[in-house]
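Structure, as structure tokens:
The values are calculated or read from the model by the stated rules, or taken from the named source; none is laboratory data. Everything numeric in this text was worked out from a predicted model, so none of it was measured. For neighbour counting, all protein chains shown are included, and Cβ atoms are generated from backbone atoms with ideal geometry for every residue, glycine included. SASA here: full protein model, heavy atoms, side chains in, ligands and nucleic acids out. Shrake-Rupley method; radii C 1.70, N 1.55, O 1.52, S 1.80 Å.
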Amino acid sequence: MSDTAHRIQAVGLNGRPADYLRQIGAQRPFAPLLPIDDMMIAAFTETLRAPGFWACERAVDILRDRLQRRQTIQDAVFAPAARLAGAYWSSDAWSFLDVTVAVSRLKRLLVQEVRQRHRPPQVGARSILLSAAPGETHDFGLHYVALAFERAGYAVDLRTGADEAELMTALVMHRYDLVGLSLSAECLLDRLTLFIGNVRNREKTRDVLFLVGGNAFVSRPEYAVGVGADFLATDPDTAVFLAQLRLGSHVGREQALAR
């Protein structure tokens, strides 16, 4: 039994995380709604690896009722659950299969959230192409970045599992204001450098701005310069903020050249 299950039992509730969350949900008509706490996050995280995806969806509904003003389910529940799952993996409390199942379900929940909350961008909205860097397999965080840019009014083209050929075709066919690429594996830095260089060498795509992020750049931000990116962001909100700054100056420079 996990440490979370022991803690849930210690407060006098059923040891199964899904049951713990259901009992919290059942309290709604009779007691004030308490904000989301560490116990709720721990129980939700355990539910992610338990049998039945329906239990995860029900847990999200229960926790959504407890969101405080201006909180989102992504920031208040999904992000801390992902961090906790990573901690369980690092401490050998979870197996590789546990983490794989939990992350895949988190991604599925996040995609559902994006689709439910999606609002079509306005005509003339800025556009961004988002993808994991060529060869990179970790793309969970990109969904958070996509949400942040959609909330800011961008037209977002999110591609998962795309290789150089697919990304280059998209860049040639569509005029994006910005390309965002995520990279975790440092062994793929040369491949990313080559791809960005190839994009710059094409007349139709040479002016596109590149945003990079991911674990490969967290401790070595100078890698962003090395691969040829225009700027680096370590979280979704910073990515949007920097994009607004850079795109403003970029448009101004293009207008000046046009004169």
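When nucleic acids and ligands are ignored and a 1.4 Å probe is applied, residue 40 ends up with an accessible area of around 10 Å².
The slack in the chain from residue 198 to residue 219, taken as 0.36 nm per residue of separation less the alpha-carbon distance, amounts to 4.9 nm. For the listed peptides 63-71, 137-145, 191-199, a ranking on the average number of other beta carbons within 10 Å per residue, highest first, reads 137-145, 191-199, 63-71. Remark: spin-label model distance residue 83-residue 237 equals 1.3 nm, labels positioned 7 Å along the Cα→Cβ axis.
Projected label points at residue 244 and residue 50, each 7 Å from Cα along the beta carbon direction, are separated by 4.1 nanometres. Fully extending the segment from residue 71 to residue 173 would add 33.0 nm, taking 0.36 nm per residue of separation and subtracting the current Cα-Cα distance.
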